[in-house]
């Protein structure tokens, strides 16, 4: 994920095909059925999860109505104040994650979790696509019992769709550490950078097309 190196394109895997008729439809129904009532005050809740390079998950979740902000960061490890270099060196135990701030009146926790299985391959071991290493593992970090229950229920439902076993960890969130400033909104700021152009952009285009088709 070096900004100076354009990684080779890995063919998009067929794992997303089974989701098109089931999870995607359910997801969009859930998202747009939670429209906010007129005049109701805006609320903010947060969810932390990781599914590969946080540049990609950041851009993906910003497509959803009701998502107020997405912050790239690190979680799931033991070391305080981790740096990108330390996380990449596998010395912290942290994963690349995002913190999603959302309005629960406009998008539900269940919809955010459903979307998670749609934007990455939760069955891959040891990384995500060409991004290899434990920092790219699939992980959901719950902040309370309600998030834990929702995550486990969502994973159980997704396991009936995927052919291979899901490797996603569901663990308590102890601390979210924001990543360095240059990682924030990376795809939006550098759409022509090699990794962004060849790996992230095709996925975002596909997601935009599917979201538009379900409106």
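Derivation of every value follows stated rules applied to the coordinates shown; laboratory data play no part. A quick note: this is a predicted structure, and the numbers were derived from the prediction, not measured. Neighbour counts are summed over all protein chains in view; Cβ atoms, including those assigned to glycine, are modelled from backbone coordinates with ideal geometry.
Sorting the segments 87-97, 193-203, 115-125 by their mean number of nearby beta carbons within 10 angstrom, highest to lowest, gives 115-125, 87-97, 193-203. Judged by the mean number of other Cβ atoms found within 10 Å, the most tightly packed of the peptides 77-85, 143-151, 105-113 leads the ranking 105-113, 143-151, 77-85. Look at the Cα gyration tensor of the stretch 50-90: its axes a ≥ b ≥ c give a/c of at least 1.5 with a/b over b/c, and that counts as prolate.
In this rough spin-label picture, where each label sits 7 Å from Cα along the Cβ direction, the residue 161-residue 79 distance is 3.5 nm.
Name the shape class, rounded, prolate or oblate, that the alpha-carbon gyration tensor gives for the stretch 129-177, where a ≥ b ≥ c are the square roots of its eigenvalues, rounded holds for a/c under 1.5, and otherwise prolate holds if a/b is larger than b/c and oblate otherwise. Cα axes put the stretch 129-177 in the oblate bin. From the square roots a ≥ b ≥ c of the eigenvalues of the alpha-carbon gyration tensor of the stretch 75-215, which class results: rounded (a/c under 1.5), prolate (a/b over b/c), or oblate? Rounded, since a/c falls under 1.5.
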